[in-house]
Amino acid sequence: MSQFTTAHATLSWRQEDNLLTAKWCGVVYSREFQQIAQTLLDKTQEHKLYKWYLHLEEMQEIESQDESWLFTEWLEAFLSLPIQKLALIPSQYLDNHMSIEQLIKVAQTMKPLDVQFFTEEQEALLWLNEKSVIDPLAFITQN
């Protein structure tokens with residue numbers, strides 16, 4: 001398992017599982033926030049990962065300029081990745097939870113993405129290891 005760590009996040013990935021995990025905590029300010037978010041994209045592309053587990057429970061509010069960056073620059077890059085399944089433990093901070101949920105809804109209108117919210121890590125990881133039920137061709141023919 002490979003890993004990337006900052007003061008407020010730990011990212012790890014296992015190519016044999018096609019899984020990237022990220023655990024965030026605390027307030028993450030712009031430079032570090034964007035570094036972490038960009039690393040999610042870079043490692044996913046570099047290792048051809050298609051499942052994400054995001055543990056955001058302790059992640060506090062996202063600054064408005066970072067939220068704007070997520071919805072513009074970051075989202076465009078995210079949509080080009082092969083991610084099919086996303087399991088999340090949402091933030092306990094309502095503003096963060098709502099922002100991430102809105103980002104996911106926008107992404108789901110543009111690509112097939114199976115998303116589930118969880119309260120327990122073990123449940124999330126079990127779900128990620130189940131076979132995906134999304135049919136990418138069905139999405140393409142509907143849109």
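Some notes on this structure:
- This model, with +1 at the C-beta of Lys and Arg and -1 at the C-beta of Asp and Glu, gives the stretch 3-94 a dipole about its Cα centre of some 380 debye.
- Vicinal HN-Hα couplings computed from phi for the stretch 21-26 (Karplus, 6.51 cos²θ - 1.76 cosθ + 1.60; Hz; Gly/Pro x): 10, 9, 10, 9, 8, x
- The computed semi-axes √(5λ) of the Cα gyration tensor in Å for the structure shown corresponds, within (1) 81, 41, 19; (2) 22, 18, 15; (3) 44, 17, 13, to (2).
- Whole-angstrom gap from the stretch 95-126 to the stretch 1-45, using each part's C-alpha centre: 16 Å
- Qualifying chymotrypsin sites (Phe, Trp or Tyr not before Pro) for the stretch 5-92 [loop in DSSP, other Cβ within 10 Å: at most 13]: 29
- Per-residue Cβ neighbour rank within 10 angstrom, fewest leading, 28, 106: 106, 28
- Loop-resident GluC sites (Glu not before Pro) (DSSP state other than H, G, I, E or B) in the stretch 46-131 with no more than 16 further Cβ atoms inside 10 Å of their Cβ: 61, 63, 120, 130.
- Derived scalar couplings between HN and Hα for the stretch 77-83 equal 5, 4, 5, 7, 8, x, 5 Hz in order, rounded to whole Hz, by the Karplus curve 6.51 cos²θ - 1.76 cosθ + 1.60 (θ = phi - 60°), x for Gly and Pro.
- 3J(HN,Hα) along the stretch 51-64: 10, 10, 10, 10, 9, 10, 3, 9, 6, 8, 3, 9, 4, 4 Hz, from the Karplus curve 6.51 cos²θ - 1.76 cosθ + 1.60 with θ = phi - 60°, whole Hz, x for Gly and Pro.
- The residue list 13, 68, 36 was ranked by how far each Cα lies along the charge dipole of the stretch 2-142 toward its positive end, using unit charges on Cβ atoms, and 13 comes out on top.
- Candidates per trypsin sites (Lys or Arg not before Pro) in the stretch 1-100, loop by DSSP, up to 14 other Cβ within 10 Å: 48
- Calculated [θ] (222 nm, deg cm²/dmol) that DSSP helices of n ≥ 4 give over the chain, each run adding -39,500 (n - 2.57): -12000 deg cm²/dmol
- Spin-label model, residue 110/residue 130: points 7 Å from Cα along the beta carbon direction are separated by 2.8 nm.
Coordinate-derived values only; no laboratory data. This is a predicted model, so every value here is computed, not measured. Here the Cβ is made from the backbone with ideal geometry for all residues, glycine too, and neighbour counts use every protein chain on show.
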